[in-house]
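Step one of this worksheet: look at the structure below.
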Amino acid sequence: MTEWSRSMTRITATLRATRGEGLSFSWHGRSISILLSILVSASLVLAGQGVTGSVNPTGALTPLERRVCSRLKKQTIRSVTQKLASTEMEGRGTATAGGERAARYLAEQFTRWRLKPLGDNGSYLQAIRFRASQVSADTTLRVGKRDLRYGPDFVLAPPLPADGTVVKGELVFVGYGVVSTGHGRDDLVGLDLKDKIVVLMRGTPQGVDEAAWKKVSGRQTVFGRILGQGPAALIITNAGLSEQPYSLLAGYMTRRSVALNSSPAPLFKAPPVVITSDRGAEDLFSGLTTSYGALRSKAENGEFVSQPLAKAATLSVRVRQEEAIGSNVAAVVEGGDPALRDQAVVFSAHYDAFGSGPDGRIYPGAADNALGVGTMLSIAQAFAKSRVCPRRSIIFLAVTGEEHGLLGAEHWVSHPTWPMEKICAAINFDGVGTETYGIVRRIVGFGAEYSDLGETLRWAASATDNIVLPDPLPEEQAFYRSDHYAFVKKGIPALMLMGAPQMERTALISRVKKWLVTDYHQTSDIVRPEWNWEGPRRLAVVGLLMGMRIAAADALPSWWPSAPFRRSAAAAPR
Ligand SMILES: [Zn+2]
């Protein structure tokens with residue numbers, strides 16, 4: 001989910017709030033060779049013998065933990081990742097043929113390992129109804145006699161207008177659209193925006209304090225104020241940033257977008273929001289006495305540039321919409337302890353990626369998140385192959401729709417195939433490929449600070465010669481941006497695991513930041529020959545050990561009293 005769609009969702013919600021309408025909306029962050037020493041009889045053995053009751057695990061690995069860990073295969077991580085990232089899966093778009101092919105492939109793995117199905121009607125698949133939308137290239141923006149081209153010159157920001165929407169209006173330029181006594185400016189003064197098409201320019205004038213400007217020019221503030229005046233549409237120029245240029249934004253916004261079919265249609269019809277490239281903006285202002293470029297320089301020099309543009313525009317929107325079915329894939333290793341087996345620990349990872357773009361190019365989503373699914377499946381296989389039976393049950397949940405707002409996870413927690421009040425914790429694998437940089441020795445638990453899962457993580461890390469690091473990029477807010485967060489919102493202690501080799505912190509961060517610009521959600525997120533597969537295997541070991549200890553402990557994981565999350569009494573496992 002891009003910054004734009006997230007802030008647009010927030011803005012329409014704010015606007016709905018200012019209009020007093022109800023507020024209900026929902027809306028992205030991976031080993032030690034264990035010598036298997038103890039062979040126990042082939043019959044199933046109940047894991048947890050010899051494990052202390054408390055959730056704050058201590059001590060070395062138990063023979064059973066070693067046994068399961070020894071069955072963790074990096075070859076499995078590799079083959080699952082390569083298969084999912086292959087062109088055969090067509091980028092695993094949510095509720096697409098490629099996505100469903102991937103879901104069936106995952107179900108086949110669970111079948112091979114004889115895990116118990118936990119989908120609909122005794123299958124591994126949980127069907128979800130989605131609504132998919134894609135703006136078609138014959139969407140036009142006519143300004144005067146000139147037609148701007150959809151894609152190169154302009155795109156539409158979410159929420160998308162309905163198919164067939166036609167908006168006409170006089171163009172009014174409002175510069176940065178900032179109203180601030182502190183800055184002695186009112187870019188909207190004397191302008192009537194009602195039913196007009198408002199042209200807004202993003203950016204910062206020279207010589208202002210950046211932090212102070214940020215406060216008064218935030219999307220929510222500026223858009224909210226303009227949208228509150230009832231314009232027919234909003235056109236945004238200069239929307240790109242150095243790390244997120246127009247081409248990247250357009251790459252996102254021309255893709256197919258997906259929503260849960262069950263998500264209510266927006267009560268409030270937001271006016272269409274158009275984002276233009278610089279060339280599109282030049283076309284928008286063409287034929288005026290002052291060019292767009294000149295007006296932009298004036299604005300950057302602090303001059304007042306707001307004015308009616310004395311010409312009209314017509315936006316004609318064509319959107320292809322379809323209803324389609326996508327699937328979560330779920331399996332369970334049933335617990336053996338009669339008192340605890342109806343409680344479960346969930347491992348999750350999203351298998352969806354962006355499918356293919358309007359130009360037919362495929363988004364393989366290798367690091368994000370075929371690798372996370374491979375890591376989770378290697379744990380499932382290890383349990384199956386070791387024939388170890390945990391005290392509590394262990395669920396493996398491969399969700400779809402994550403790239404469109406955690407949709408598959410949101411659907412599962414509201415239509416669970418296991419009683420939600422019996423879910424005691426969730427461990428999620430999602431990432432940016434840091435595990436493949438080398439032998440993992442550093443682990444990040446996003447959200448570990450909020451519950452005693454952090455203790456379990458610290459134990460698993462120390463037992464496997466790893467060190468737990470705090471979130472290296474807190475500004476990315478990874479904790480809120482992947483599937484574990486759907487469980488957190490239901491009050492269930494959850495976290496997301498990522499791993500990295502021992503390396504300079506700055507080197508790690510710069511490598512991740514570079515990847516976020518070049519490969520994140522791009523067609524270049526592919527499996528690389530230099531990937532070190534032992535890396536994700538070591539992360540899988542940590543995840544597996546956490547799962548085993550949580551499944552074996554008498555006590556349940558719980559939020560720290562200081563955490564902003566709570567499990568409602570009704571939802572507490574009992
Ligand atoms: Zn992801």
Has segment 358-375 got any residue that is open to solvent by less than 10 Å² (accessible area, probe 1.4 Å), under 16 Å from Glu100 (Cα atoms) and more than 12 Å from the ligand (Cβ to nearest atom)? no
Mind telling me which of the residues Ala494, Ala460, Ala425 ends up being within 16 Å of the ligand (Cβ to nearest atom) and surrounded by 24 or more Cβ atoms within 10 Å (Cβ to Cβ)? Ala494
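Test Glu402 against the criterion of being within 16 Å of the ligand (Cβ to nearest atom) and touching a strand residue (DSSP E or B) at 6+ places or on another chain (Cβ under 6 Å), and give yes or no. Even if it seems obvious, please write down each step before you answer.
On the way: within 16 Å of the ligand (Cβ to nearest atom): yes; touching a strand residue (DSSP E or B) at 6+ places or on another chain (Cβ under 6 Å): yes.
Yes; evaluated as a whole, the condition is true for this residue.
Quick one: which residue in Phe565, Phe487 is under 21 Å from Phe396 (Cα atoms) and among the aromatic types (Phe, Trp, Tyr)? Walk me through it before giving the result.
On the way: Phe565 fails: under 21 Å from Phe396 (Cα atoms).
Step by step, each of Phe565, Phe487 is checked, and only Phe487 is under 21 Å from Phe396 (Cα atoms) and among the aromatic types (Phe, Trp, Tyr).
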If you take the residues in segment 333-357 that are within 21 Å of Val258 (Cα to Cα) and more than 16 Å from the ligand (Cβ to nearest atom), which one is most open to solvent (accessible area, probe 1.4 Å)? Ser356
Cβ-Cβ under 7 Å pairs, at least 6 apart or on other chains, segment 292-315 side at positive phi, far side modelled with pLDDT under 95: Gly302/Pro205; Gly302/Gln206; Gly302/Gly207
Of the residues in segment 94-136, those that are of a type in the set (Val, Ile, Thr) and farther than 21 Å from Pro416 by Cβ come to Thr96, Thr111, Val135
Specify the residue that is most open to solvent (accessible area, probe 1.4 Å); the eligible residues are those in segment 309-332 that are more than 16 Å from the ligand (Cβ to nearest atom) and polar (S, T, N, Q). Gln321
Identify the residue in segment 480-491 that is at negative phi and either part of a loop (DSSP other than H, G, I, E, B) or at pLDDT below 95 (or both) and, among all such residues, is farthest from the ligand (Cβ to nearest atom). Lys490
In segment 450-471, anything at pLDDT 95 or above and closer than 21 Å to Ala349 by Cα is listed as Tyr450, Ser451, Leu453, Gly454, Thr456, Leu457, Ala460, Ala461, Val468
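The values are calculated or read from the model by the stated rules, or taken from the named source; none is laboratory data. From a predicted model like this one, the values you see are computed outputs, not experimental measurements. No Cβ is skipped: glycine too gets one built from the backbone with ideal geometry, and neighbour counts run over all protein chains shown. Accessible surface areas use protein heavy atoms only, side chains included; no ligands, DNA or RNA. Shrake-Rupley method; radii C 1.70, N 1.55, O 1.52, S 1.80 Å.
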